[in-house]
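Only the coordinates and a few stated rules stand behind these numbers; no lab work does. Please read all numbers here as calculations on a predicted model, not as lab measurements. All Cβ positions, even for glycine, are placed from backbone atoms using ideal geometry, and neighbour counts span all protein chains on display.
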Amino acid sequence: MEVSKNSFKTLSEPVKQFGGLVGIIILIFLTFFVLNNIFGEGDELVAKMKIEEERIAQERKLNKLISSLPSGVLVSFDGTDNFKLSDELYEAVCKATKLIPQRAIMGANFLNFRAHEIYTINGNKIDETFVKWDDEKNKCFAGFVVSGNNVGVDETVKVSGEALSFLSTGIDTRVYFIKNF
Amino acid sequence: MKKLLFFILFSSLISSLALARSTGCKEGNCDNGYGKWVYTDKTTYEGEWVATKKHGQGTETWPNGYIYKGEFKESQWNGIGILFFPDGSTYEGEWANGFMNGEGTFTWSDGKQKKGIWKNGSFQE
């Protein structure tokens, strides 16, 4: 111990300073290594940020597409005067759509009496809506969940079907027809 | 700032007036008689009215493409009528309380048909 102490003293000043610098750098690295282990999330955070960035980029792309669509009713089937969506546009509109207006819900309820009853007694409240693109079937599905929990009816009904038409407002798109028959 | 506030209030007033003018009874007599009513969501009813209720023959058109032509009672689809779905499917037959109730034929847009008795929108096998 004494020998190493003496040999350290015999070192020149620049070597000592360099050694000190290396020591500080190692200490900084160790500190960050320990902190990273304690708080983790380093790689996870980067991955999350990448996903979020991709989501924002995708959303911007979809918003650009929506603003380029004509205002009015957009359909995915033939036989009407409305704007017919191409397969590519149909998928993009489906992925960009989140809203289901009341008339689309009322229309779907024609074929689901219990859903209509609950929707009427709960004061036209919808618990949940969803619009999903099915990659396997290459179709857009939309639906909603109604429940009577707020009026003491312990029952929940889910209605879903193919989303075949949309309303383009110029700002957003909405499911306009759910084919649940 | 005051100008901006005034502009916002003025715009709101104008749009409210425009909306009020575009809804309600647009043609004829919507109390007792024949008239056309336009709702705020652009749904329209054109047909017979009794005591301010849709009663008799009429046509209700929803903005999303549903069209009902037929009998109304107390503002509901009641009696014989035909409903056109937005994709071209139809149901023609009896209605009660706004639902397919009674004898009727459902025709899908591809021509496939289901004929028989319906109860509250469901086909009775």
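Before moving on, here are some points about what is shown:
- Number of positions in the stretch A:42-89 that are basic (Lys, Arg) and within 14 Å of chain B (Cβ to nearest Cβ): 1
- Any hit, the stretch B:45-53, residues being closer than 27 Å to A:Ser76 by Cβ, surrounded by fewer than 17 Cβ atoms within 10 Å (Cβ to Cβ) and of a type outside the set (A, V, I, L, M): no
- Any hit, the stretch A:149-161, residues being in contact with an Asp or Glu (Cβ under 7 Å, 6 or more places away or on another chain) and either within 25 Å of A:Phe77 (Cβ to Cβ) or surrounded by 15 or more Cβ atoms within 10 Å (Cβ to Cβ) (or both): no
- The residue that is surrounded by the most Cβ atoms within 10 Å (Cβ to Cβ), among those in the stretch B:97-121 that are closer than 18 Å to B:Asn78 by Cβ and at the interface with chain A (Cβ under 8 Å from one of its Cβ atoms), is B:Met100.
- Any hit, the stretch A:81-95, residues being under 21 Å from B:Pro86 (Cα atoms), buried (at least 21 other Cβ atoms within 10 Å of the Cβ), over 27 Å from the mean Cα position of the chain (by Cα) and without any contact (Cβ under 8 Å) to a residue 40 or more places away in the chain: no
- On the stretch given as the stretch A:90-105, residues that are within 11 Å of chain B (Cβ to nearest Cβ) and in contact with a Phe, Trp or Tyr (Cβ under 8 Å, 6 or more places away or on another chain) total 5.
- Top-ranked residue in the stretch B:84-101 [being touching a Leu at 6+ places or on another chain (Cβ under 7 Å) and assigned to a strand (DSSP E or B); ranked as nearest to A:Asp81 (Cα to Cα)]: B:Thr90
- Of the strands (runs of 3 or more DSSP E) lying entirely inside the stretch A:110-181, those carrying at least 2 residues that are under 26 Å from B:Trp95 (Cβ atoms) and away from every other protein chain (no Cβ under 14 Å) are A:139-148, A:153-168.
- Some residue of the stretch B:20-42 being in contact (Cβ under 8 Å) with a residue 24 or more places away in the chain, more than 12 Å from chain A (Cβ to nearest Cβ) and crowded, with 19+ Cβ neighbours inside 10 Å: no
- Checked across the stretch B:47-65, the condition of being touching a residue at least 24 places away in the same chain (Cβ under 8 Å), of a type in the set (Phe, Trp, Tyr) and in a strand (DSSP E or B) holds for no residue.
- Residue match in the stretch B:67-83 (condition: surrounded by 16 or more Cβ atoms within 10 Å (Cβ to Cβ), within 11 Å of chain A (Cβ to nearest Cβ) and part of a loop (DSSP other than H, G, I, E, B)): no
- Of all residues in the stretch A:65-89 being in contact with a Gly (Cβ under 9 Å, 6 or more places away or on another chain) and not in a loop (DSSP other than H, G, I, E, B), the one that is farthest from B:Ser89 (Cα to Cα): A:Ser67
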